[in-house]
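The values are calculated or read from the model by the stated rules, or taken from the named source; none is laboratory data. These numbers were taken from a predicted model, which means no experiment stands behind them. Heads up, the Cβs are rebuilt from the backbone with ideal geometry, glycines too, and the neighbour counts pull from every protein chain shown. Side chains are part of the model used for accessible areas, which takes the heavy atoms of the whole protein and leaves out ligands, DNA and RNA. Shrake-Rupley method; radii C 1.70, N 1.55, O 1.52, S 1.80 Å.
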Amino acid sequence: MKKRVLSGIRASGRLHLGNYLGAVKGMLELQNNPEYETFYMVADLHALTTPHDIDELRKNRREVVIDYLAAGLDPEKSVIFQQADSLHAELAFYLSSVVTVARLQHLPTYKEKVKQYPEHSTMALLNYPVLMSADILAYKAHAVPVGDDQIPHLEVAREIARKMNEQYGMDFPEPEQFKTTGHYVPSLTGQGKMSKSVEGSFITLTDTIETIKKRLAGVATDSGKGYIEKGLYIDQQFSRHETDAVSYSDGVSVLMDFVTLFQGNHRKEEYDTLYTSTGIRYSDLKNELADAIYKELEPLQEKRRELEEKIEYVDEVIHEGGKKARAVVEETILEVREKMGLK
Ligand code: ADP
Ligand code: TRP
């Protein structure tokens, strides 16, 4: 039997390079691997865990599907659907009976969101990881293509799977992250990860070449030179660091990560050499990098424009995907209800 895969992205705005490299690329890879059966959803219920605008949500839950299709998710190969159309919320309730409030309150993601929205510390927010576990376990999925920020949530899903198996004799696999090369895409600010909630941190999949250049122009750089001596790196401030690799300042290190992701290791190594010899000209580096990023995004943008003209097709994909997803979830829910004593 094929192993199942489930992943999703919250319906809370346009996708950025972090979402694309950390999640969507992994979704694509597994979709195109015949050993897997893939289910990809828009996490619209999860959008209710933080303050939201009703019209925006209505729009975004379709926009994410358009981004998925533009990136190459294929309804012939993957079940593409909206979370609210399946029965995940019901399963989440059953699963919530094996998790303690304390376990959920201690999650870093929960604490961050409470800090961000102190007036909005709701049950839905606390329950976020349980709903995410339901998304995954509903399909008895083995692999979950997500970025590193979701690892604590996967840990909860694994614990829930274990408890459901022990206490009720279910056979949930313990789901694992499917890691892409871009499993952690840094923020353009040089601090933390690229995120749609941090202004100035991201490049979106719909950015024009001019916008990409503008965003890269904002990344902090240095004089372009440093040097290494016998495993010792001496930075601009003459501080000494033990290293066997060039260590760049925060902003430049972000640029180097993007060079590796979009232009390959070889180009990055050339910059390492330049940095410790004649120096790097960052204006040239940024222009070249912007072109490399845009080259990857351009076909997606073209496909997106085509899809925007075929909204009925997109809605049909969502409708059909919902039916297929629901059929699988209904089976799991029946089994859970029976094992828990509800039948
Ligand atoms: P955001 O933090 O921008 O709101 P989401 O939480 O909607 O992004 O994330 C959607 C998917 O994209 C998840 O699988 C998440 O792990 C992945 N992702 C988000 N940001 C990054 C990043 N900077 N690097 C790698 N993956 C990321
Ligand atoms: N929590 C994920 C995010 O922030 C979205 C998500 C919801 C998800 N349910 C999921 C990801 C199930 C993978 C599997 O992006």
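Remarks
- All positions within the stretch 10-49 that are within 30 Å of residue 115 (Cβ to Cβ), part of a strand (DSSP E or B) and open to solvent by 10 Å² or more (accessible area, probe 1.4 Å): 10
- Of the set (1) of a type outside the set (Gly, Ala, Ser); (2) within 30 Å of residue 156 (Cβ to Cβ); (3) at pLDDT below 95, all apply to residue 171 but (3).
- Search result, residues across the stretch 316-335 that are touching a residue at least 40 places away in the same chain (Cβ under 8 Å), open to solvent by 30 Å² or more (accessible area, probe 1.4 Å) and within 28 Å of residue 169 (Cα to Cα): 324, 326, 330, 335
- Matching entry among 150, 177, 167 (being touching a Leu at 6+ places or on another chain (Cβ under 9 Å) and either more than 9 Å from ligand 1 (Cβ to nearest atom) or in the same structural domain as residue 18 (by TED's automatic domain parsing) (or both)): 177
- Residue count, the stretch 77-115 (criterion: within 22 Å of the chain's Cα centre (by Cα) and closer than 26 Å to residue 62 by Cα): 15
- Total residues in the stretch 67-76, condition outside any helix (DSSP H, G or I) and either surrounded by 20 or more Cβ atoms within 10 Å (Cβ to Cβ) or in contact (Cβ under 8 Å) with a residue 24 or more places away in the chain (or both): 4
- Subset of the stretch 209-236 [at pLDDT 95 or above, in contact with a helix residue (DSSP H, G or I) (Cβ under 8 Å, 6 or more places away or on another chain) and basic (Lys, Arg)]: 213
- Options 79, 101, 64: the member that is assigned by TED's automatic domain parsing to the domain that holds residue 123, open to solvent by 60 Å² or more (accessible area, probe 1.4 Å) and not aromatic (Phe, Trp, Tyr): 101
- Applying the criterion of being more than 8 Å from ligand 2 (Cβ to nearest atom) and open to solvent by 10 Å² or more (accessible area, probe 1.4 Å) to the residues of the stretch 126-142, the residue that is nearest to residue 19 (Cα to Cα) is 142.
- Selection from the stretch 196-208 of residues that are modelled with pLDDT of 95 or more, in a loop (DSSP other than H, G, I, E, B) and under 11 Å from residue 17 (Cα atoms): 201, 202, 203, 205, 206, 207
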